[in-house]
1. Among the residues of region 82-92, which ones are free of Cβ contacts under 8 Å to residues at least 60 places away in the same chain and either hydroxyl-bearing (Ser, Thr, Tyr) or more than 10 Å from the ligand (Cβ to nearest atom) (or both)?
2. Just wondering, is there one or more residues in region 210-230 that are within 21 Å of the chain's Cα centre (by Cα) and surrounded by fewer than 17 Cβ atoms within 10 Å (Cβ to Cβ)?
3. Output yes when any residue across region 256-265 is within 13 Å of the ligand (Cβ to nearest atom) and surrounded by fewer than 23 Cβ atoms within 10 Å (Cβ to Cβ), and no when none is.
4. Can you pull out the residues in region 148-201 that are on the phi > 0 side of the Ramachandran plot and modelled with pLDDT under 95?
5. Looking at (1) assigned to a helix (DSSP H, G or I); (2) of a type outside the set (Gly, Ala, Ser); (3) in contact with a strand residue (DSSP E or B) (Cβ under 6 Å, 6 or more places away or on another chain), find the lone condition where Arg125 falls short.
6. If you scan region 160-218, which residues turn out to be under 27 Å from Pro259 (Cβ atoms) and of a type in the set (Ser, Thr, Tyr)?
7. Taking Gly276, is it within 13 Å of the ligand (Cβ to nearest atom) and of a type outside the set (Val, Ile, Thr)?
8. Looking only at residues that are in a helix (DSSP H, G or I) and among the acidic types (Asp, Glu) in region 200-246, which one is nearest to the ligand (Cβ to nearest atom)?
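The values are calculated or read from the model by the stated rules, or taken from the named source; none is laboratory data. Just so it is clear, the structure is predicted and the values come from calculations on it, not from any experiment. A quick note on method: Cβ atoms are made from the backbone with ideal geometry, for glycine too, and the neighbour counts reach across all protein chains shown.
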Amino acid sequence: MMPSKENPPRFTRVSRRKFIASTATSAAFFGAASSVLISRNNVLGANGRIGVGFIGVGGRGSSHVGVVKKLIDTGQPLQIVAVNDAYGPRLRVAAEKTGARAYPHHKALLADRDVDVVCIASPDRLHIPQALDAIRAGKDVYCEKPMGHWTQFQASQEFLRETRRLSRVVQIGNQGNSSSAWTKIGELIQKGAVGRVQHIQAGYYRSGDWGERMPIPDANAKPGPDLDWEAFLGDAPKVPYDVRRFFSWRMFLDYAGGPCTDLFPHVFTPFVSMFGLKFPSLVVASGGIFKYDNYGREVPDTFNMCLDYPEKLSVVLVCTLTNQFNAEPAIRGDEGAITIQNTSWEGGFDSVTVHPRKGTPKVIPGEKPDSTTAHWKNFLHCVRTREKPVSDVEFGYHVQTALCMAMLAFLNKKVAQFDGTKEEIVL
Ligand SMILES: NC(=O)c1ccc[n+]([C@@H]2O[C@H](COP(=O)([O-])OP(=O)(O)OC[C@H]3O[C@@H](n4cnc5c(N)ncnc54)[C@H](O)[C@@H]3O)[C@@H](O)[C@H]2O)c1
């Protein structure tokens, strides 16, 4: 199926063969493979109304509800039919705002026949188990990033296998893949602006320990009808209830990974897409808790990772949560470099500068479109046509593999390698 307005090429990306051989005039590049998937059980016509259910309506889930409501207001044939959250007060707010049925458990939502697609925005460790439940219940899935928890490499393989077996449409929430801005860089590289690329350096810099993003709304909240601790734990170790773990889960390794899994999906995916990267051959990582040793925090506030790809490309990503001072990302090739100004990663950037090896640098304007809305539109288009979304589960698996390798390298103080024959991470 040809790329269309609703399902544009993922990015203009450099083909693997040409990437290795590379010439400045290389004409071989390809957009996202958009092969048609087999029809779903309950086929939706072009104008059939899609019933949407939300699993997890905290910060991100609520903002997705807002996006879908706006799409409804602009005439998209959608209806928010069900919401689910393990915390009663949030569930009730979402149900009141949407008029949708409220389910305290995601399995009850999945049993609702009016739900065609689900948006999963629960804590990271629940994404894959809930997505597997959803596709096995015949639903299509918009699954937030990171695709899974850093312990779930094998589960991510199962997610890929099951999505294919059941012919479901899955969009992973790397909305940067729906930002037209990044396409421009792919085109520049394709046209030979910097020759063959060997090195990419980027980072994410913020100030804040995540406490400000993970407030505890009720310090006295206890497990019971309004707080489902067991559902929150999922397949995580069965530890006694702790209000900080439930609400400020980003601080704890059982449920999150810190900058690597929370922030790097945004920074990393444009390059995975642009160069069609699959599995890194080798990953090293460093960092630690260098400032915020409060709250019983377990995840690092400083994290650096270097990934080597078989295409002879190194990707170096750095992050600190202690200072937001920015450094411009740089893509370096043998004929020049591209730097990126004022990027918001998931949205886009203000401009790029091409620095040829000889001659004057050239500034090219960028853009910062509303990529989350575009990502939803792409997902819904694919639900109807059964095409592959721009951030499909296979793409998510490649990103997830790199993130798992980095976390395992960091936590074990080892070099993580990838055995491509067995598709295994080797430490
Ligand atoms: N793509 C993006 O730009 C973006 C931005 C922010 C967050 N996210 C992702 O969205 C996810 C949620 O992040 P957040 O900031 O909204 O966190 P949050 O804590 O605000 O929201 C998570 C919600 O899930 C609920 N929950 C917990 N266990 C559940 C269960 N078993 N079933 C249903 N609901 C359950 C919690 O009660 C909470 O309301 C994370 O994985 C995060 O990485 C993505």
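1. Of the residues in region 82-92, the ones free of Cβ contacts under 8 Å to residues at least 60 places away in the same chain are 82-85, 90-92.
Those that are free of Cβ contacts under 8 Å to residues at least 60 places away in the same chain and either hydroxyl-bearing (Ser, Thr, Tyr) or more than 10 Å from the ligand (Cβ to nearest atom) (or both): Ala82, Arg92.
2. Taking every residue of region 210-230 in turn, at least one turns out to be within 21 Å of the chain's Cα centre (by Cα) and surrounded by fewer than 17 Cβ atoms within 10 Å (Cβ to Cβ).
3. Let us first name the residues in region 256-265 that are within 13 Å of the ligand (Cβ to nearest atom), namely 256-265.
From what is left, the residues that are surrounded by fewer than 23 Cβ atoms within 10 Å (Cβ to Cβ) are 262-263.
Within region 256-265 (the criterion being within 13 Å of the ligand (Cβ to nearest atom) and surrounded by fewer than 23 Cβ atoms within 10 Å (Cβ to Cβ)), the answer is yes, since at least one residue qualifies.
4. First, pick out the residues of region 148-201 that are on the phi > 0 side of the Ramachandran plot: 167, 192, 195.
Residue satisfying the conditions is Gly192 alone.
5. The one condition Arg125 does not meet is (3).
6. Let us first name the residues in region 160-218 that are under 27 Å from Pro259 (Cβ atoms), namely 160, 170-186, 189, 197-217.
Of everything in region 160-218, those that are under 27 Å from Pro259 (Cβ atoms) and of a type in the set (Ser, Thr, Tyr) turn out to be Ser178, Ser179, Ser180, Thr183, Tyr204, Tyr205, Ser207.
7. On the way: within 13 Å of the ligand (Cβ to nearest atom): no; of a type outside the set (Val, Ile, Thr): yes.
Judged against the criteria, Gly276 is not a match.
8. Taking region 200-246 as the starting set, the residues that turn out to be in a helix (DSSP H, G or I) are 211-213, 229-233, 243-246.
Narrowing the set further to residues that are among the acidic types (Asp, Glu) leaves 212, 230.
Values: Glu212: 12, Glu230: 8 Å.
The residue in question is Glu230.
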